[in-house]
Each structure stands twice: as structure tokens, then as C-alpha cells.
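What follows is a short report on a single structure.
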Amino acid sequence: MTSLNEFAAYVHSQSAAAANGKKSNAISNGKKPKSSAINPASVDNASAHSIQSELDVLATLTLNDAPTPSETRIAYKECMLNLTEHKTELVSLIRHVVEDGRGEGILSLTHDPLDPNVKIELTPPEYDLALENINTVCILPELDCAVTELYSTEQQGDKSEKKHGFEVTKVGRVLIRERAVSVSQLLEIRVAVVGNVDAGKSTLLGVLTKGGLDDGRGKARVNLFRHKHEIETGRTSSVGMEIMGFDETGRTVGASGSTYKASWKEIVAGSRKVLTFIDLAGHEKYLKTTVFGLMGGSPDFVMLIVGANAGMIGMAKEHLGVALALNVPVFVCVTKVDMCPPNILQSTVNQISKILRSPGCRKMPVFINSNRDVAEAATNFVSQRICPVFQISSVTGQGLDHVRMFLNLLPFHGQFDETAPFEFEINDTFSVPFVGTVVSGVVSSGTVHAGDSVYIGPDSLGQFTGTAIRSIERKRQGVDTAHAGQSVSFAMKKIRRRDVRKGMVVLAQGAEPPRSVREFVAEVLILQHATTIKTRYQAMLHVGAVAQTCTIVELDRPYIRTGDRATVKFRFMLRPEYIKPGQKVLFREGRTRGLGVVKDVSYGT
Ligand SMILES: Nc1nc2c(ncn2[C@@H]2O[C@H](COP(=O)(O)OP(=O)(O)OP(=O)(O)O)[C@@H](O)[C@H]2O)c(=O)[nH]1
Ligand SMILES: [Mg+2]
């Protein structure tokens, strides 16, 4: 039986390969994989082969001008300590770290950034000199970066150091962040916030994004609600968006806690990094909306909120399952610790550890208690199977500084291709007075400019309509261009609000008009099902921002059951949609859950 995390990793690699493969297909022979027949192996091998050959070509070009770890390179320690001789090397090293992280990076003073296995030892005076030198070069116009020390600590050296004549060493990490960034290039990281009803999600977001503290009776969440019934019941029912900005030194922008509420424009203007939170609903009634928020919102990270008193109950496990299935790194905030007796808190923490370590999750819980824990967790979060766990209170403020610091350090790790043709998934639609129809969502690939001609669709007949983008807004500010990976909204020309819906796409106008899909083949894993699944089985299916009931029309065996990995052909019940091979699929019906990846699309309605 395949475990969830193995299959999730497989699905993720398939999506990544599809995203990277786009370019190689365009420049190679342009052959399309065979459609309709259930033959995943052939599709797999063909695309894997073309990607491999592209990589081979790239390797021979030696395009990478980054400094390489080699014998001849000046040692990291030398670079940091001897500025008179090695200034250029230190500058190029720091530039490499900053470019690698799209404008920022965490630098350890005791691990070589080009080869983290190489550990170096610094005496306290050496550490201080290294830090001073890093500060000196970062001020230079060619770098123009701010340096913020995240932690530093002196520690007793081991025996080998004693041999060399010193016992105490100093270790530490710094954040290096570019000072100047334009709105359209601003680093954006999306964090989806999930957890059971009443866990304290909206409250924590209110406290983080607006400042101040909660009163335990719903004070902090009021500003986040979008509907009158939400204010009355205190329950989130829609997908809310909040932003949190950090300046170049990691201070939060606009979350002063005063009665004055900073506008998005002010937050963005003062920030060098912006986090977008997707506030999701915890009540089971809104599960479809929450799964849609997780699938369509393209979150980079998931923040799972658990009430300390209640533990991981209700929808929390469901949400964790979806996050794991999508392979999005998850961190946990155990909140309301102010109102929780120590023994109950302990049992909640034990329960979370047990679930995270279980074979289905295989995550290593890391409890965060210091700035050092935060910096190390943020550095290893994406690459390793760790799950940072914070213990906090939105009422007393306990632990919130660690959460803020962690959010400030979250690395950009999206896989978006700016050079591929422009594609955009619609997550929400609005009708704005004097502007007209506005659609919001995430640019999944390419770049678009205000005024560009585009297609929008598919409509109920599977057709696309030609139109143009009147204007673009990013974080509620007008911009000229939108790039892959950014969440933006477009005002559309000559399109009525009732003609657009979530799950539609906006595409570049190419030589061939785009085509919608009525049936497609996916490779799936059945996570949970009471009996067996046969053809004619129906379920709610999520692919990106698309959410629609589908029927299974073909199976590669008579029936499938829990734990089975199968190739399945689905048919959309209502209307054709725009989907592509490599996209992740999630389906559910009652207690049944399935996860998969689109392998092949057969066209037509
Ligand atoms: N004592 C205490 N109360 C808290 C804390 N965080 C949240 N609360 C209270 O818990 C209640 C529920 O909080 P919400 O933020 O609405 O919960 P939610 O997770 O957004 O709930 P849904 O949107 O319905 O899923 C509110 O009355 C908050 O004031 C905390 O840290 N300590
Ligand atoms: Mg809420």
C-alpha cells in the first residue's frame, strides 16, 4: 500500500515536472502526448525524457555564474575575516545568497553558504569581526542590503578546538534583505490558515496583522469579517485575505495596534516583504470553500491553528490531510495557552506530536522556544520534513514574537515560470462601480501587461471569449505588469460579472484558441473509502480553482478500494473546464478522499 506522503511527494514531483517541462516542450518537437487512452506510462516517460534532455543541454552551457564550492575557492572564514584582501569574494557570496532567495537570505556565520556541510569555528572576537565586515559590505551600493542579527550565542567548544588553543566559540545567523524593491517585484508569500471551528484563526490573524491583543471574546477578529452574518455568528464562512508587511530589518509594518488602521497601500509602501494570509473557515459546513481556498489559493505554507484546550479535533485533521496531500509545508500554532491548565496543554502537545510522527504524516515536530529555534526551523523548513510547533496566546501575547519572526523569515519556494505563456486562475469575481467586472486570483505562469489582449473562459459551452485587460491591481495598488506567482486582480473590458465564475482562466492570446476539457485521465490514490469504487461513482473534484462534481467513466481495473493507486478517467458533470496534465487533483464524497495528478486530457464537449 502506498502511504499518503509518498504519493503526495510523487504528485508534487509530477506537477513540478509539468511546470518545468512547458518550456522544453515548446522548444522541442512540440508533439502532444496521445489523448484519451489510459496509458500513463507512455506520457510519463515521454515528458521525463524531454525534461532530461533539456537538462543535459543546460549542463553543457555552464550558464551558472554563481561561485562554486571548490578547492580553489577562498574559504568562507577567510572571506569574512579578511576584508582588505577578499572583499570582492564576500560581496559575490552575499549576492549569491540574496539572489537565491529572491532578494533575501539567512546567512549562518558558521556554515559555508555554498556548502552547508562545511562547518567553521569562530572565536567570539572573530565572530564580531565577521559580522562587522558583513555589515560593511552590505552597505555598498552593489549590495544595498540590511543586515539583522537573528541570534548569536557563545558556546563551549569541543575537544578538537581545545587542541587549537581556544575553548569558547560563537555561532549565529543574520537576515540579509535588499533595501529597494518596487511594488511589482515585491516578494510575496501566501499562508493559508486552517484549523477547527473556534480554534482562534481569525483572532490570531487580527492580532498579527492589526497589532494589539484580543480580549478572549472575539475583539480581534471583527475587522477581518467580510459578511454581516460572520460578525453576528463570529464564524468565518468565506475565504478572507489579510496582509502583513515586514520592512528590511524584519519589523512589522502598520500593525501598531492603535485605532488607526493602516491601508494596504501604506503597508505595501513601507514593506520589503509581504505575507498574504488566506483566512479559511473551520466549520464542516464550509469544507468545500476551505478546500477551494487551499487548492485555488496556491498557498506556499499552511498554518494550522489548534486550540490548546480542545486539541486537534474536528476539521483540523482533515485540513492537515489536504495540506500534506498538496505537499505544502505545515506549521502548527497551539493557541489559547492562557486559558489552558498545564496538564491539558501537555496532552494536546503530545497528541499533535503523535499525529505528526504517524506513518501517514511522517513529520518531525520541532518545538519553538527561542530565536535560535526560529532561525533554524525557517532555514530547514522547506527542505526537510520538519513541522515547527509554536505555543501562543492571542490574549496575553505569549509566543507571538516567535511567530512574527518565523513569518518574517519564511522563504519563497514557489515554482512559477515567468517565461511561459500567460495563465491566470480566477478565484473570485467582483463588480466594482465605475470599473466594471474585476477578477482576482493567482498568475500561474507568464507575465501580463495592462492593455494586453487575452482569452477568458471556458463558459458553459466550453468556449473562450476574446477581451483585454483594462487595468491591474496588486495588493490594492495599480501596477502595469503582473508576473507568475503573484496574486492580482484584473479589471476586464466588456465582460459582464454574471459571465465569469471561479475556476475560469484568463490566458494569453496565442496562435491557437485554448480548449476546454470534458474528460481527463488522472492517476489517483484512494485515501479513505468504506467499500469499493466503480465506474459511475460521483464525487466533488477540486483541480486548482475548479470545483465540480465528476463521474468516473473508466477504470484500469474492475474496482478500487482504500490504499489503491489507480488510473481513472473522470468526466465533469456540469460543464467543461480548463485543466492541464500535471495539475493536482483532490476528490471527496462523504468520508471518501482521493488524491491524484492529471495525466492526460481529452478534448471536446
Ligand atoms: N483566551 C483566549 N481566547 C482566544 C484566543 N484566541 C482566540 N480566542 C477566542 O476564541 C474565540 C474563537 O476565535 P475565532 O478567531 O473566531 O476562531 P476561528 O478559528 O476563526 O473560527 P471559525 O472562523 O469559525 O473557524 C473568540 O471568542 C476569541 O476571542 C486566545 O489566545 N486566548
Ligand atoms: Mg474565523
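Here, each number is a calculation from the coordinates, and none is a lab measurement. These numbers were taken from a predicted model, which means no experiment stands behind them. Positions of Cβ are backbone-derived with ideal geometry, glycine not excepted, and every protein chain shown enters the neighbour counts.
Side notes on the structure shown:
- Across the range 188-193, computed HN-Hα scalar couplings (Karplus, 6.51 cos²θ - 1.76 cosθ + 1.60, θ = phi - 60°) run 10, 10, 9, 10, 8, 10 Hz from first to last residue, x flagging Gly and Pro.
- Each 5 Å bin, from zero up to the one with the longest distance, holds this percent of the alpha carbon pairs of the range 70-178: 2, 12, 23, 26, 20, 11, 5, 2, 0.
- Contact order, relative form, for the range 423-508: 40 percent (alpha carbon pairs under 8 Å, 6 or more residues apart, mean separation divided by residue count).
- Each Cα pair of the range 97-237 feeds into the Kirkwood radius, which the Stokes-Einstein equation turns, at 37 °C and 0.692 mPa s, into a diffusion coefficient of 171 µm²/s.
- Taking the square roots of 5 times each eigenvalue of the Cα gyration tensor of the range 547-605, largest first, gives ellipsoid semi-axes of 19, 13, 12 Å.
- Applying the criteria of a DSSP loop state and at most 14 other Cβ atoms within 10 Å to the trypsin sites (Lys or Arg not before Pro) of the range 542-572 yields ARG561.
- Size of charge dipole - the chain - debye, nearest 20, with Cβ of Lys, Arg +1 and Asp, Glu -1, no other charges: 2840 debye
- Projecting the Cα atoms of PHE406, SER453, GLN463 onto the dipole axis of the range 356-468, where Lys and Arg carry +1 and Asp and Glu carry -1 at the beta carbon, places PHE406 farthest toward the positive end.
- Principal-axis tilt of helix 83-100 within the chain, Cα atoms, nearest 10 degrees: 20 degrees
- The shape of the chain can be summarised by an equivalent ellipsoid whose semi-axes, obtained from the alpha carbon gyration tensor, come to 40, 30, 26 Å from longest to shortest.
- Sorted by Cβ density within 10 Å, fewest first, the residues ILE313, ILE355, ILE426: ILE313, ILE355, ILE426
- Within the chain, the longest run free of exposed loop sites, counting GluC sites (Glu not before Pro) that sit outside DSSP helix and strand states (H, G, I, E, B) and have at most 14 other Cβ atoms within 10 Å, spans 168-417.
- With R₀ fixed at 22 Å, the C-beta to C-beta distance from GLN538 to LEU461 puts the FRET efficiency at about 0.50.
- The chain: relative contact order as a whole-number percent, Cα under 8 Å and 6+ apart: 13 percent
- Placing +1 on each Lys and Arg Cβ and -1 on each Asp and Glu Cβ, with no other charges, gives the range 423-508 a dipole about its Cα centre of roughly 340 debye.
- Pairs of alpha carbons in the range 423-508 whose separation is greater than 20 Å (percent): 20 percent
- Think of it as helices only: each DSSP H run of n ≥ 4 in the chain is worth -39500 (n - 2.57), and spread over all residues that comes to -9000 deg cm²/dmol at 222 nm.
- Potential lengthening between THR84 and MET573 on full extension [0.36 nm per residue; Cα-Cα distance subtracted]: 169.0 nm
- Shown here for the range 209-263: chymotrypsin sites (Phe, Trp or Tyr not before Pro) in loop regions (DSSP other than H, G, I, E, B) with at most 14 other Cβ atoms within 10 Å, namely TYR260.
- Given charges at Cβ of Lys, Arg, Asp, Glu: the range 183-409 dipole, positive-most of GLN346, ILE313, VAL366: ILE313
- Per the chain, cysteines lacking a partner by the 4.7 Å Cβ criterion: CYS79, CYS333, CYS340, CYS361, CYS387, CYS550
- The length gained on full extension between LYS228 and HIS96, counted as 0.36 nm times the residue separation minus their Cα-Cα distance, comes to 42.6 nm.
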